Structure formats: structure tokens, C-alpha cells
Amino acid sequence: MLDRIERTIREVESRHDGQIRFVVEAALDMGPLWQQQSPRERALEVFALQGVWDTPDNNGILIYVLMADHAVEIVCDRGIHACEGAGTWEAVCRGIQDAFGQGRYEQGVVDGITALGASLARHYPGSPRANTLPDRPQIM
């Protein structure tokens, strides 16, 4: 599954100058749990820790899955977010969550990456400059 997700990221990134990062975390550590950190807050933290904000055109996108909470969050850098807005990202999240609810985990992620790639291709067409984020999914 991780290999297919990596291939999908690499393939969609070949059609635009954006970056997509996929991170899965099993559960939060005790500190964030005691602080009642939400999945969204954790996704924002991972966005920063992974350097998704550090792309040349501010067009990085993080797909974050917190398995313990059955949560999927998409965090987009300001460049691409200004082009599409929250409704697009919420729709992709819902699609991934719906697929997860049907037990189609791999396909849900692949479809989500493909949808995000289409948004990036609309707004950042052309050849990618450099791959600034790893394509390999990260398990935290």
C-alpha cells in the first residue's frame, strides 16, 4: 500500500509544480492527549514539522491521518489555499473518509491524492522544479 501511495504521489507531482505529503499517525502521545489536542491541531503541527510550508510557491499539501480518531485532515499552504479554498479540501477529506468507512483505505488515499494533484495542476501547471518533499508516506 505504501509503495502504491508513493507511486501515486510521484506520478501526480510529475504534472505540476506542487508538493503533496502523506503522513499517518497511529495515536497521539500522552502530552497532546492531556492537552486535548484535536486532530486538526496535530495536523497543523505535522504540517510545520514536515516542512510542507517550505515549498518555493507555497503550494504544499499535507494529507494527515490520525488512525486512533479515524480522522483525516488536509492542510494546504497559503498559495494553493488561496486558489481553491476550504470547500475543495473538505470535499477531498470527505471522499477519503467515505472510502475508509467502506474499508477501501488504499483506494481512498489514492483518489484523494489524485484529486489534490488535479487542483495543483490547474493552478501550478508545467514541469516540477524540484521534489522538495519526500514522496514516501510517513508512518509516525
Please indicate, with yes or no, whether at least one residue in region 32-45 is surrounded by fewer than 21 Cβ atoms within 10 Å (Cβ to Cβ), assigned to a loop (DSSP other than H, G, I, E, B), touching a residue at least 60 places away in the same chain (Cβ under 8 Å) and over 14 Å from the mean Cα position of the chain (by Cα). no
Just one listed residue, out of Ile96, Ile74, is touching a helix residue (DSSP H, G or I) at 6+ places or on another chain (Cβ under 7 Å), part of a helix (DSSP H, G or I), touching a residue at least 24 places away in the same chain (Cβ under 8 Å) and farther than 21 Å from Gly126 by Cβ, and it is Ile96
**Prompt:** If you check Arg136 against the conditions, is it surrounded by fewer than 17 Cβ atoms within 10 Å (Cβ to Cβ), of a type in the set (D, E, K, R) and touching a helix residue (DSSP H, G or I) at 6+ places or on another chain (Cβ under 7 Å)?
**Reply:** yes
Of the residues in region 53-70, those that are more than 9 Å from the chain's Cα centre (by Cα), at pLDDT 90 or above and among the hydrophobic types (A, V, I, L, M, F, W, C) come to Trp53, Leu66, Met67
Taking region 99-114 and keeping residues surrounded by fewer than 18 Cβ atoms within 10 Å (Cβ to Cβ) and either under 13 Å from His16 (Cβ atoms) or in contact (Cβ under 8 Å) with a residue 40 or more places away in the chain (or both) leaves Tyr105, Glu106, Thr114
Open item on the list: Condition check: in a helix (DSSP H, G or I), modelled with pLDDT of 95 or more and farther than 20 Å from Arg4 by Cβ. Does Ala91 satisfy that?
Closed with: yes
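The values are calculated or read from the model by the stated rules, or taken from the named source; none is laboratory data. Keep in mind it's a predicted model, so treat the numbers as computed, not measured. Every residue, glycine as well, gets a Cβ built from its backbone with ideal geometry; the counts of neighbours run over all protein chains shown.
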